[in-house]
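Down below is the structure, laid out as structure tokens.
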């Protein structure tokens with residue numbers, strides 16, 4: 001299930017938002033300030049972030065800017081500040097959407113789903129790459145006959161990341177940070193090794209998808225058919 005990082009210093013706001021989002025099948029991680037949220041995002045995979053602006057230790061503006069340095073992920077600002085200038089500033093920092101308090105929880109759910117769809121993150125944890133399906137809930141690759149293949153976790157996470165954003169270029173550094181974590185002490189050749197293994201494993205599925213090397217930049221996954 002998609003993991004949502006919910007950041008707000010008001011417990012009742014977090015409780016309300018989490019209640020409705022959990023009912024829709026999302027995994028919710030709650031943090032009460034921007035500093036704690038940033039530490040979590042640096043060390044764990046997060047599919048979407050909902051954040052407040054006025055928070056202790058690190059406000060939403062600063063957190064949004066820091067999250068954008070980590071990579072592409074949907075960011076929804078949820079705040080009492082509704083002035084046009086604040087919205088414009090938020091969009092300049094990299095937020096994707098804006099919801100003003102008090103909010104309708106059902107509208108929050110719809111906006112979250114729309115953002116995940118825009119970023120091509122499956123709300124069902126299932127991604128199709130031609131004739132094969134990636135099941136993130138069970139970490140399985142399933143072919144059109146229903147046969148399941150289990151991959152080493154990092155290989156699966158790497159393929160799922162690339163497949164979630166088919167056509168998008170990922171640098172090696174970005175993949176290291178998002179798959180292995182910002183504190184990983186290895187080097188970018190780790191990505192090359194895992195890409196090589198994935199290509200070898202799915203050599204017979206080139207009609208479904210392929211992982212393309214962009215020389216000097218990184219990798220992107222291209223789907224050959226729907």
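The values are calculated or read from the model by the stated rules, or taken from the named source; none is laboratory data. If you're wondering where the values come from, they're calculated on a predicted model, not measured in any experiment. Cβ atoms come from the backbone with ideal geometry, glycine included; neighbour counts cover every protein chain shown.
Can you confirm whether segment 116-131 contains a residue that is in a helix (DSSP H, G or I) and more than 26 Å from residue 74 (Cβ to Cβ)? So that I can check it myself, show each step before the final result.
So the first thing to find is which residues in segment 116-131 are in a helix (DSSP H, G or I), and the list is 116-118.
The next check asks that each one be more than 26 Å from residue 74 (Cβ to Cβ); those that pass are none.
No, every residue in segment 116-131 fails to be in a helix (DSSP H, G or I) and more than 26 Å from residue 74 (Cβ to Cβ).
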* Structure fact -> Restricting attention to segment 170-188, the residues that are in contact with a strand residue (DSSP E or B) (Cβ under 7 Å, 6 or more places away or on another chain) and either exposed (fewer than 14 other Cβ atoms within 10 Å of the Cβ) or more than 19 Å from residue 74 (Cα to Cα) (or both) number exactly 1
* To do: Mind listing whichever residues of segment 94-115 are surrounded by fewer than 18 Cβ atoms within 10 Å (Cβ to Cβ) and either part of a helix (DSSP H, G or I) or not assigned by TED's automatic domain parsing to the domain that holds residue 49 (or both)?
  => 105, 106, 107, 109, 110, 113, 114
* **segment 137-161, residues that are assigned to a loop (DSSP other than H, G, I, E, B) and either under 20 Å from residue 77 (Cα atoms) or free of Cβ contacts under 8 Å to residues at least 60 places away in the same chain (or both)** => 138, 139, 143, 144, 145, 146, 147, 151, 152
* 2 or more residues under 20 Å from the mean Cα position of the chain (by Cα) and either surrounded by fewer than 18 Cβ atoms within 10 Å (Cβ to Cβ) or modelled with pLDDT under 90 (or both): qualifying strands (runs of 3 or more DSSP E) within segment 1-88 -> 27-31
* Is there a residue being at pLDDT 85 or above and under 22 Å from residue 22 (Cα atoms) anywhere in segment 120-134? -> no
